[in-house]
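Q: I'd like to ask you about the structure that follows.
The values are calculated or read from the model by the stated rules, or taken from the named source; none is laboratory data. The structure presented is a predicted model; accordingly, all values stated were derived computationally and were not measured. Virtual Cβ from ideal backbone geometry, glycine too; neighbours counted across all protein chains shown.
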Amino acid sequence: MSDEFRTEADSLGEMQVPADAYWGAQTQRAVENFPISGIAFGRRFVRALGIVKKAAAQANRDLGLLDDDIAEAIVDAADEVIAGDHDDQFPVDIFQTGSGTSSNMNANEVIANRAAEIMGHEIGDRVVHPNDHVNYGQSSNDVIPTAMHVSALEAVAKDVVPALETLAESLGEKEDEFDGVVKTGRTHLQDATPVRLGQEFGGYRAQIEKGIARAENIQDHLGELALGGTATGTGLNTHPEFPERAAEYMSEETGLQFREADNHFEAQAAHDAMSEAHGALRTVAGSLNKIANDLRLLASGPRNGLGEIEQPENQPGSSIMPGKINPVVAESVNQLHKQVVGNDAAVSAGASEGQIDLNLYKPVLAHNFLQSAELIANGSEIFAERFVDKLEANEEYCAEQVEQSMALATALNPAIGYDKASKVAKKALAEGKTVREVAVDEGYLTPEEADEVLDPEAMTHRGILGTDE
């Protein structure tokens, strides 16, 4: 063995491990067995593993199952994992054993070796044992789904919801700013009755606020933890009070509400809560996509598109066309939506594929969920700050287009009837005139009546124009 490696052992024998690594033999085997994607678990999941191991040590200490000095060293080492001090010590590929055993042992080995170091011992001397101490009363089969729920709930509550709130606030500000801008409404991508630009942005705001509610609604089911079920859900080798105590510590650590699973067999054999929760993320991503598409259309041009809003100049849009500006931020939102839809297919498929007493798609479920949450959170923040906040209304152009709209004829229905209003619209289109001009020319309305009935701003409110209704 060179100075670059040390020898560690597991039940299969000795392994050469990098000398400066906190992980041990089982992690090294996983590194060598799964050189598949180069994708390892990210910050949220590694943090969750630290939270689970810390809470387990605290609960086992309280129950007299771990010596105080060992428990405290584990807690200190886990705190470092929670803080992100050892993210580089979690190299195991996402595409590994379906239970996530390799990642659980990765956490056990890193925390055990770091705890031993904290106690003044050498890495690898097993004064703190990865299985007997760090993993006491646990199994990969309950640790990994617990870390899945902890990381997912933290991602939703601490990343996704605040980012969506930022976006909703930005849209709400534009709703107020654009409330006086009357423009042509569109259904089927064809001219429809007038709306206020602020009303459209109010619809976007409401859509995101409903997305926030959806994200909040899934948090109760994510708060259920599998910890305490051990291998198959029976709880073999764990203290009866362990799950509740550990859940309390995890709640204290995160500021979120966690509890023991209602049924440990369901919690380990199925991951319907993850599928349900990701469905909410997919819906939110769809909302973002719809809004981004609408804003791209409204900003299309600048001379040969709709041109009703002016987009920010974030960067040059073309390597060949001088002066071209593209809605690059909105396009990034469109793309993240497609990734989330793909992730949803993986999550829903993985959640449905458990066999008997254990679902064996845990790592890919966790990875895809957390990636979606990260994309939505980051995308929403950037969409708000670098696009929505910088939008401006082309008010004069909107007013000109409203006056030219054939859809103004809709307001003639109560005054002159549908058939006559239809004739007015067709003649206006054929002769290049406005609905107002034709209605007066044909003698259906006086100029004063036309001004009252064909008031675009009044058409954006509920009611029947030209009557007392």
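Q: Check residue 432 against each of (1) at negative phi; (2) without any contact (Cβ under 8 Å) to a residue 60 or more places away in the chain; (3) under 49 Å from the mean Cα position of the chain (by Cα) and name the one condition it does not meet.
A: That leaves (1) as the condition not met.
Q: Can you pull out every residue in the stretch 17-66 that is part of a helix (DSSP H, G or I), surrounded by fewer than 22 Cβ atoms within 10 Å (Cβ to Cβ) and β-branched (Val, Ile, Thr)?
A: Hit for the stretch 17-66 is 31, nothing else.
Q: Return the only residue of 185, 198, 124 being outside any helix (DSSP H, G or I) and not assigned by TED's automatic domain parsing to the domain that holds residue 71. If you could, list the steps in order and put the result at the bottom.
A: On the way: 198 fails: outside any helix (DSSP H, G or I); 124 fails: not assigned by TED's automatic domain parsing to the domain that holds residue 71.
One residue alone meets the criteria, 185.
Q: Just one of 340, 347 is within 21 Å of residue 291 (Cα to Cα), among the aliphatic types (A, V, I, L, M) and not in a loop (DSSP other than H, G, I, E, B); which is it? Don't jump to the end; show me each part of the working.
A: Working: 347 fails: within 21 Å of residue 291 (Cα to Cα).
Just a single option satisfies the conditions, and that option is 340.
Q: Just checking, does the stretch 350-358 include any residue being touching a Lys or Arg at 6+ places or on another chain (Cβ under 9 Å), surrounded by 13 or more Cβ atoms within 10 Å (Cβ to Cβ) and within 20 Å of residue 280 (Cβ to Cβ)? Don't jump to the end; show me each part of the working.
A: The initial filter retains those residues of the stretch 350-358 that are touching a Lys or Arg at 6+ places or on another chain (Cβ under 9 Å), namely 350.
Checking which are surrounded by 13 or more Cβ atoms within 10 Å (Cβ to Cβ) leaves us with 350.
Of the ones still in play, those that are also within 20 Å of residue 280 (Cβ to Cβ) are 350.
Yes, the stretch 350-358 contains at least one residue that is touching a Lys or Arg at 6+ places or on another chain (Cβ under 9 Å), surrounded by 13 or more Cβ atoms within 10 Å (Cβ to Cβ) and within 20 Å of residue 280 (Cβ to Cβ).
Q: Okay, next question. Give the residue, chosen from 256, 225, that is closer than 17 Å to residue 156 by Cβ, among the aliphatic types (A, V, I, L, M) and surrounded by fewer than 20 Cβ atoms within 10 Å (Cβ to Cβ).
A: Working: 225 fails: surrounded by fewer than 20 Cβ atoms within 10 Å (Cβ to Cβ).
Just a single option satisfies the conditions, and that option is 256.
Q: Which pairs do you get when a residue that is closer than 30 Å to residue 53 by Cα, found in the stretch 150-174, comes within reach of a residue that is among the β-branched types (Val, Ile, Thr) and not in a helix (DSSP H, G or I), reach meaning Cβ atoms under 9 angstrom, with the pair 6+ apart or on two chains?
A: Partner pairs satisfying both residue conditions: 152/218; 153/218; 156/218.
Q: Residue 453 passes all but one of (1) modelled with pLDDT under 95; (2) under 30 Å from residue 302 (Cβ atoms); (3) surrounded by 18 or more Cβ atoms within 10 Å (Cβ to Cβ); which number fails?
A: (2)
Q: Based on what the data block shows, is residue 113 assigned to a helix (DSSP H, G or I), more than 23 Å from the chain's Cα centre (by Cα) and within 30 Å of residue 371 (Cβ to Cβ)? Break it down into steps so the answer makes sense when it comes.
A: On the way: assigned to a helix (DSSP H, G or I): yes; more than 23 Å from the chain's Cα centre (by Cα): yes; within 30 Å of residue 371 (Cβ to Cβ): yes.
Yes: the conditions hold for residue 113.
Here is a yes/no grid of residues against (1) assigned by TED's automatic domain parsing to the domain that holds residue 191; (2) touching a Lys or Arg at 6+ places or on another chain (Cβ under 6 Å); (3) within 28 Å of residue 374 (Cβ to Cβ); (4) at pLDDT 95 or above:
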| position | (1), (2), (3), (4) |
| --- | --- |
| 292 | yes, no, yes, yes |
| 296 | yes, no, yes, yes |
| 300 | yes, no, no, yes |
| 309 | yes, no, no, yes |
| 315 | yes, no, yes, no |
| 320 | yes, no, no, no |
| 323 | yes, no, no, no |
| 329 | yes, yes, yes, yes |
| 333 | yes, no, yes, yes |
